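Down below is the structure, laid out as structure tokens.
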Amino acid sequence: MPMDSVARFLAALNPQDRQTVDAEPRDEQERLAAAWEIELEADAELDTLDELSPAAAEAEAARRVLDRKDG
């Protein structure tokens, strides 16, 4: 059974960030997950990393999205 984008995004986060994002309202989680999906699709560096380690590419994209949110 495939996970929705929010669940996939949460899974890509480190435990502390996952807890923080999980406490956000669902619409904010969906906004962050959508930004994460765009980051994964748009960045060529992540494409290369994805070939080596999909989990690492997802984690890096998640970190970037949260950095932009906090910055």
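The values are calculated or read from the model by the stated rules, or taken from the named source; none is laboratory data. Please read all numbers here as calculations on a predicted model, not as lab measurements. With ideal geometry, Cβ positions are generated from the backbone for all residues, glycine too; neighbour counts draw on all protein chains shown. The accessibility values were calculated without ligands, DNA or RNA, using every heavy atom of the protein model including side chains. Shrake-Rupley method; radii C 1.70, N 1.55, O 1.52, S 1.80 Å.
Things to note:
- Take 23-29, 34-40 and order them by the average number of nearby Cβ atoms within 10 Å per residue, most first; the result is 34-40, 23-29.
- The sum of -39500 (n - 2.57) across all DSSP H runs of n ≥ 4, divided by the residue count of the chain, sets its helix-only mean residue ellipticity at 222 nm to -25500 deg cm²/dmol.
- Mean sequence separation of contacting Cα pairs (under 8 Å, at least six apart), scaled by the length of the chain, corresponds to a relative contact order of 34 percent.
- log10 of Debye I(q)/I(0), alpha-carbon scatterers only, for the chain at 0.18, 0.19, 0.26 Å⁻¹: -0.63, -0.70, -1.25
- Charge dipole (debye, nearest 20) of the chain; +1 at Cβ of Lys and Arg, -1 at Cβ of Asp and Glu: 260 debye
- Per residue accessible area of the chain, 1.4 Å probe, in Å²: 66 Å²
- Counting protein heavy atoms only, the stretch 1-44 has 54 percent of its accessible area on carbon and sulfur, 1.4 angstrom probe.
- Ranking 34, 10, 55 by Cα position along the charge dipole of the chain, where only Lys, Arg, Asp and Glu carry charges on their C-beta atoms, puts 10 farthest toward the positive end.
- The 3J(HN,Hα) values that the Karplus relation (6.51, -1.76, 1.60; θ = phi - 60°) gives for the stretch 42-59 are, in residue order, 8, 9, 5, 4, 5, 4, 5, 4, 4, 5, 7, 8, x, 5, 5, 5, 5, 5 Hz. Gly and Pro appear as x.
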